[in-house]
There are 2 protein chains.
Amino acid sequence: MQSSILRPALADPPAQLAHDRVYRGLRQQVMHGELFPGTPLTLRGIGKSFGVSMTPAREAVRRLTAEGALTFSASGRVATPELSNERIEELASIRALLEPELASRALRRAHLALIDRMESINDSNARAIHRQDPVEYIRTNLEFHRTLYLRAQSPAMLGLLETVWLQLGPTMRALYTRLKRTTAPPHHRLILEALRAGDDAALRLALRTDVTQGLRHLVV
Amino acid sequence: MQSSILRPALADPPAQLAHDRVYRGLRQQVMHGELFPGTPLTLRGIGKSFGVSMTPAREAVRRLTAEGALTFSASGRVATPELSNERIEELASIRALLEPELASRALRRAHLALIDRMESINDSNARAIHRQDPVEYIRTNLEFHRTLYLRAQSPAMLGLLETVWLQLGPTMRALYTRLKRTTAPPHHRLILEALRAGDDAALRLALRTDVTQGLRHLVV
DNA sequence: ATGGGAATAATGTGATCACAGATCATCGCG
DNA sequence: CGCGATGATCTGTGATCACATTATTCCCAT
C-alpha cells in the first residue's frame, strides 16, 4: 500500500483491493463488448486509467488471461482475443450445452416475480436494439440469461459459463456492430413462455436455439 | 530479469518465463492430487521452492485462483480448496455433462492406435491402484480421459473441463487416500469397448457412469 | 518518393522494499 | 497450572526500479 510517509495520507483505506477493482472493471468492459477484438492494452495504461501502479494491473490481466478474456500476443503484448470461426462455433456449442442445463435447474425455482423481472430486462433489451446500442444490447441480453441461471443454485456451472461469455465479449461486439439489425430476436419470448408453462423440454429447446441462432447466422 | 550487474551473469536466459514455470508446476501438483485440501501455501515459500522471487509466484497463484485451483482464505491467505459436498456434486455433474460430449466428438476420430494407447494407460492405472499410489492413480486416470478428449479437437471445452479437474484435485486426493481400495473401477473397460464398437450411446453412458460413480459413493 | 537502418520510445518481467494486517509464541499474572 | 495480553514474526499488497526485448519513428541514401 505504501501510504503514510510518501503519500499525502489519504485517510480512507481502499474499500476493495486495488487489483480486484481493476479486474472487475476490465472484466466488465470485455464481457459487455466495450472493446473490439484485437484491442491492444498496456499494463501502464491500465494502471493509469485506474489510478494504480503496474502491479495490480498485471495481476488483473493475468487473471483475465487465465479466463480467456484477454490474450497474449507474441512476446507478452496483451490484447482482446480475435477468435477464429471454429473457436466461435465451439464456444457457442458450449453455451448450447450449459445454458439449457442451467435453465432446467432453475425451472423449478422460477417463481412469477423472477419471470416478470426477466420480462422487464427483455424490454430494456428490445429498446437497446432500437437504439442500436451494441453494448447495452449485450449487457441486457446477458443479464436476461444470468437472472434465470442464478436460480439454478449452481455457482460453479454459472462461473464456467461466464468465462465463455467473457471470451465471446469482443467478438459479439464486432458482430452486433456490423449487423445493425432493428428487430428483437424472437427466442426470449419462447423462453418466457416455457418458464410460465413449466415445460422443461420446451425451455431447453428455446435456450438451445437462442444461443445457437444468435451466433450461427452472424459468423457468415 | 535484472541480470547483468548485480547477478553473476548466468549465461543462459530462462527458456520459459518464470511465472509460467511456477504456474505449470503448481498446477500439476494440484491437479494430480499431490496436495491435500486446505494445504496452506505462501508466496515466499512458493518462490523459494522454485528459485524465484515473490513476483512470479504471485502471478502464478493469481492465475490458479482464477481457475479455482487455489482459494484465498480470509485476508488473502492462499490454500488448496476444501470443497463442500454440494460443490463436489456440482463439479461431478459438470464432468457428467462435458465428458460424454467430448468423448462423442472424439469417437469418429478414435482410431485403433489411440485405443491401444488408452488401454496401456489403463494398465498403468490398474497398477497404481494395486500399489496404492493415489497420486499416480489420479494422474493416469486423468491421462486416460485426456488422451481420448484430445481427439475431440475442442480445445475450449477441454480447457473448461481441466479447470474442473483442477478444482477437484485435492478433494480426489483426500478421497482416494481415505478409500484404499484395491480393485480397478470397471468403467474404463466399458469405455474402451464402446470405442471399439463405435457405439456413441454406449460411450456416452459409460463416461457418465464412470464420472458420477467415481465420486458419488465416496462422498458419503 | 521510397526503402532500409539506426536511434528512440514503449512494454512486459522480475526483484526489492515499505507497510499493514494477521498469526503465533512467549511471558506474566491470576 | 491455566489463560490472556503483548511482542515478534510471518504474509500479502502495492510501488518502484533496472533490464531486455519489441515496436516505432525518423532520417538519410538511393
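The values are calculated or read from the model by the stated rules, or taken from the named source; none is laboratory data. Computed from a predicted model, the values in this text were never measured in an experiment. Cβ: placed from backbone, ideal geometry, glycine included. Neighbour counts: every protein chain shown. Only protein heavy atoms, including side chains, enter the accessible area calculation; ligands, DNA and RNA are left aside. Shrake-Rupley method; radii C 1.70, N 1.55, O 1.52, S 1.80 Å.
Computed quantities for the displayed model
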| quantity | calculated |
| --- | --- |
| Residue in segment B:75-98 that is nearest to B:L26 (Cα to Cα), counting only those that are within 16 Å of DNA strand D (Cβ to nearest atom) and open to solvent by 40 Å² or more (accessible area, probe 1.4 Å) | B:R77 |
| Count of residues meeting criterion [within 14 Å of chain A (Cβ to nearest Cβ) and open to solvent by 10 Å² or more (accessible area, probe 1.4 Å)] in segment B:141-153 | 1 |
| Of all residues in segment B:73-106 being among the charged types (D, E, K, R) and in a helix (DSSP H, G or I), the one that is nearest to B:P37 (Cα to Cα) | B:R87 |
| Only listed residue being within 25 Å of B:I88 (Cβ to Cβ), open to solvent by 10 Å² or more (accessible area, probe 1.4 Å), of a type in the set (G, A, S) and out of contact with any His (no Cβ under 6 Å at 6 or more places or on another chain), chosen from B:A201, B:A197, B:A110, B:A184 | B:A184 |
| Residue check, A:F72 under 22 Å from the mean Cα position of the chain (by Cα), modelled with pLDDT of 95 or more and open to solvent by 20 Å² or more (accessible area, probe 1.4 Å) | no |
| Tabulated pairs, segment B:113-127, first open to solvent by 30 Å² or more (accessible area, probe 1.4 Å), second aliphatic (A, V, I, L, M) and part of a helix (DSSP H, G or I), C-beta under 8 angstrom, 6+ apart or interchain | B:E119/B:L192 |
| Count - residues of segment B:39-90 that are among the aromatic types (F, W, Y) and touching a Ser or Thr at 6+ places or on another chain (Cβ under 9 Å) | 1 |
| Criterion (at pLDDT 95 or above and either out of contact with any Ser or Thr (no Cβ under 8 Å at 6 or more places or on another chain) or open to solvent by 10 Å² or more (accessible area, probe 1.4 Å) (or both)) met by exactly one of B:G214, B:G159 | B:G159 |
| Output for segment B:39-64, where each listed residue is away from chain A (no Cβ under 14 Å), free of Cβ contacts under 8 Å to residues at least 60 places away in the same chain and open to solvent by 30 Å² or more (accessible area, probe 1.4 Å) | B:P40, B:L41, B:T42, B:R44, B:G45, B:K48, B:S49, B:F50, B:G51, B:V52 |
